[in-house]
Amino acid sequence: MSKWIFIRPRFEEVTEITFEEAQDAIDYLDSKGEVTIDLAVQNAVREKVEAVLKENPDANVAHYDHGNETSWIGNDERAVVDLENVDLLTGRECYC
């Protein structure tokens, strides 16, 4: 059984769409008996993402939407993962 952390901000039109797409993925994994941790909207911020990544070193990560060459963007439009904390993703399967 695998474990997945979903990071799903929702703060504008594109993230409204990807928020729902992520829900489809969560529902699918849940139906297969996989473990999902949903960091949605107000929980899709750096402090919470870092804490959950540290608490679940065996979990894979899916980030649904905005980012750039060096970061994934959270609900407060700040980076949740960037070059300063990217080591938290070491050894994980990541989808962005």
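Of note:
- Taking only alpha carbon atoms, the chain gives an Rg to Rh ratio of 0.94, where Rh is the Kirkwood radius.
- Sorted ascending by nearby beta carbons within 10 Å, beginning with the fewest, Asp27, Asp76 become Asp27, Asp76.
- The Rg/Rh ratio of the stretch 40-96, with both radii computed over alpha carbons and Rh defined as the Kirkwood radius, is 0.91.
- Placing +1 on the Cβ of every Lys and Arg and -1 on the Cβ of every Asp and Glu, with no other charges, gives the stretch 6-96 a dipole of roughly 240 debye about its Cα centre.
- Qualifying trypsin sites (Lys or Arg not before Pro) in the stretch 1-79, DSSP loop, other Cβ atoms within 10 Å at most 16: Lys32, Arg78
- Sites excluded, GluC sites (Glu not before Pro) in DSSP loops with at most 14 other C-beta within 10 Å, longest stretch of the chain: 35-68
- Computed from label points 7 Å out along Cα-Cβ, the spacing between Glu12 and Ala51 is 2.8 nm.
- Cα pair count fraction exceeding 15 Å, expressed as % - the stretch 1-45: 41
- Fully extended contour minus Cα-Cα distance, from Glu84 to Tyr28, at 0.36 nm per residue: 16.9 nm
- The modelled label-to-label distance between Gln42 and Arg92, using points 7 Å beyond Cα along the C-beta direction, is 2.3 nm.
None of the figures in this text is laboratory data; all of them are computed from the coordinates on show. Just so you know, these numbers come straight off a predicted model, no measurement behind them. With ideal geometry, Cβ positions are generated from the backbone for all residues, glycine too; neighbour counts draw on all protein chains shown.
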